[in-house]
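K.L.:
My questions all concern the structure below.
What follows is calculated from the coordinates using simple rules that are stated; it is not laboratory data. This one's a predicted model, so the numbers in the text were calculated from it and none came from an experiment. Cβ sites come from the backbone with ideal geometry, for glycine too, and all protein chains shown count toward neighbours.
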Amino acid sequence: MKIALGAPCNGTILKDAIKSYLENDPRVESVIDLSAEDVTYPAVSIDAAQRVVSGEVDRAILVCGTGLGTAIAANKVAGARAATAHDLVTVRGAVENYDAQILCMGQNIIAPIYATALVDAWLDVRHDAAGFYGPKVAEISAFEAQRQ
């Protein structure tokens, strides 16, 4: 799996812990760190989302103070589905139910050791388009396509 990773300065500590974890995980083929010292959360979030939508990467992880700003910005990219998640229920549900390709977390909310445990689960979770939520995700995608 190819993963884009990004954070502004208020997410660097958690982002670096997640990056280290991903680089040592055999399920991960490559990690592209989009962070820079002066990057804003909208810029890094939009960049990551565009890479997911274009197929350059399979998924992305974004970190800011709360995980909310990155999710809002990433969701402005047509075709991107970003979700803020800080527990196992929301991490699994984001992918299984809603086909979110972008996981957003907050450095001020979650400890690195717990975040990496959730990333571990996130790497294995898949969306089933034939499942209960499949038609609802298709409905959202259809609405999005009308707006373009």
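K.L.:
Considering each of Ala73, Ala85 in turn, give the residue that is farther than 21 Å from Asp25 by Cα and surrounded by 20 or more Cβ atoms within 10 Å (Cβ to Cβ). If you could, list the steps in order and put the result at the bottom.
P.N.:
Details: Ala85 fails: farther than 21 Å from Asp25 by Cα.
Step by step, each of Ala73, Ala85 is checked, and only Ala73 is farther than 21 Å from Asp25 by Cα and surrounded by 20 or more Cβ atoms within 10 Å (Cβ to Cβ).
K.L.:
Every residue in segment 123-148 that is more than 20 Å from Ile72 (Cβ to Cβ), part of a helix (DSSP H, G or I) and under 18 Å from the mean Cα position of the chain (by Cα), please. Walk me through it before giving the result.
P.N.:
Our first condition is that a residue be more than 20 Å from Ile72 (Cβ to Cβ); within segment 123-148, this holds for 123-136, 138-139, 142, 145-146.
This time we only want the ones that are part of a helix (DSSP H, G or I), so: 123-124, 134-136, 138-139, 142, 145-146.
Hits for segment 123-148 are Leu123, Asp124.
K.L.:
Right, here's the next one. Please specify each residue of segment 36-50 satisfying the condition of being out of contact with any Cys (no Cβ under 9 Å at 6 or more places or on another chain) and crowded, with 24+ Cβ neighbours inside 10 Å.
P.N.:
Within segment 36-50, Ala48, Ala49 qualify.
K.L.:
Please note which helices (runs of 4 or more DSSP H) are completely contained in segment 1-80 and include at least 1 residues that are among the aliphatic types (A, V, I, L, M), touching a residue at least 40 places away in the same chain (Cβ under 8 Å) and touching a Pro at 6+ places or on another chain (Cβ under 9 Å).
P.N.:
Counting at least 1 such residues, we get 12-23.
K.L.:
I've got another one for you. Only one of (1) among the basic types (Lys, Arg); (2) in a loop (DSSP other than H, G, I, E, B); (3) surrounded by 16 or more Cβ atoms within 10 Å (Cβ to Cβ) fails for Arg92. Which number is that?
P.N.:
Answer for Arg92: the failing condition is (2).
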